[in-house]
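Everything on this sheet refers to the single structure shown next.
The values are calculated or read from the model by the stated rules, or taken from the named source; none is laboratory data. These numbers were taken from a predicted model, which means no experiment stands behind them. We place every Cβ from the backbone using ideal geometry, glycine too, and count neighbours over all the protein chains shown.
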Amino acid sequence: MGNRILTLASQDSKFQVVGALEAPGHPKCGEEVLPGVRVTDQLKPLLDQHPHVVIDFTTPAATLEHALETVRTKRAMVIGTTGFSQAERSILARRVAPLPVVIASNMSLAVNVLFHMAGMVGRILNRYDIHIHEIHHRQKKDAPSGTALTLQKLVSQASGRQPDEVHVTSDRSGDVVGDHIVQFTGTGERLILTHQAQSRDPFAIGALQAAQWVVRQRPGLYDMRDVLGLSED
């Protein structure tokens, strides 16, 4: 994700990349990834260059630390990290309260349209059996994916059910970037909503769109549906 965000941002005149961050000890630390931009494991020197926004795709523990640093300089954030526990999510919300922040389990524009559609169908087909299945590459650490859990939450709320009444299954195999299937099964029919990611570019593109949007917002927690104007529907 970091590589694709760097590449796409460097190709877009609306962005100027001022820094790239990796975990301490990462082999890329010190490497020049763009002209004048070297990978570092320290966020503070990058914030001292006064960026408008920090884009974070890391781990829950790292994101919580980055939030502490970022809030001191009052920069906006875009957070695509997944796998937060409820407690970690609450801590993060408190830490970033003074900032405009977009946080989403999936930055893809099309996936967020899927979120919108799944909720709409859940309201209408609220008596149908609902099953969510997701497939990712074998290295993905969290299961179910953050996207699947978001779908489960949205569909259960829309259909008036408890989350555990919307079944979620996961598969980790090969190099699958990410597939999500939401199936509504009634008597004699099924409605299936499917999203397949062929590369990581959709997530990077969405993160960059969120970055452009969030710097113009008041402090608060937003998601990609806010970025796309879907929350108003």
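Of all the criteria given as (1) in a helix (DSSP H, G or I); (2) in the same structural domain as Pro98 (by TED's automatic domain parsing), the one not satisfied by Arg218 is (1).
Regarding the range 57-67, can at least one residue be identified that is outside the structural domain of Gly146 (by TED's automatic domain parsing), free of Cβ contacts under 8 Å to residues at least 60 places away in the same chain and either under 22 Å from Leu228 (Cα atoms) or part of a loop (DSSP other than H, G, I, E, B) (or both)?
Just the residues of the range 57-67 that are outside the structural domain of Gly146 (by TED's automatic domain parsing), to begin with: 57-67.
Checking which are free of Cβ contacts under 8 Å to residues at least 60 places away in the same chain leaves us with 58-67.
The next check asks that each one be either under 22 Å from Leu228 (Cα atoms) or part of a loop (DSSP other than H, G, I, E, B) (or both); those that pass are 58-59.
The answer is yes; a qualifying residue exists.
So which residues in the range 81-138 are in a strand (DSSP E or B) and crowded, with 16+ Cβ neighbours inside 10 Å, if there are any at all? Answer for the range 81-138, where residues must be in a strand (DSSP E or B) and crowded, with 16+ Cβ neighbours inside 10 Å: Pro100, Val101, Val102, Ile103, Ile130, His131, Ile132, His133, Glu134, Ile135, His136. Just to be sure before I move on: is Phe184 in contact (Cβ under 8 Å) with a residue 12 or more places away in the chain, in contact with a strand residue (DSSP E or B) (Cβ under 6 Å, 6 or more places away or on another chain) and not in a loop (DSSP other than H, G, I, E, B) in the structure I sent? For Phe184, the condition - in contact (Cβ under 8 Å) with a residue 12 or more places away in the chain, in contact with a strand residue (DSSP E or B) (Cβ under 6 Å, 6 or more places away or on another chain) and not in a loop (DSSP other than H, G, I, E, B) - is met. Being in a strand (DSSP E or B), without any contact (Cβ under 8 Å) to a residue 60 or more places away in the chain and out of contact with any Cys (no Cβ under 8 Å at 6 or more places or on another chain) holds for only one residue in Val39, Val54, and it is Val54.
Would you pick out the residues in the range 27-37 that are under 23 Å from Ala61 (Cα atoms) and surrounded by 13 or more Cβ atoms within 10 Å (Cβ to Cβ)? Explain how you work it out, then say what you get.
The first filter runs over the range 27-37 and keeps only residues under 23 Å from Ala61 (Cα atoms), leaving 27-30.
Passing the criteria: Lys28, Cys29.
Looking across the range 57-80, the residues that are surrounded by fewer than 22 Cβ atoms within 10 Å (Cβ to Cβ) and under 18 Å from Lys140 (Cβ atoms) come down to Phe57, Thr58, Thr59, Pro60, Ala61, Ala62.
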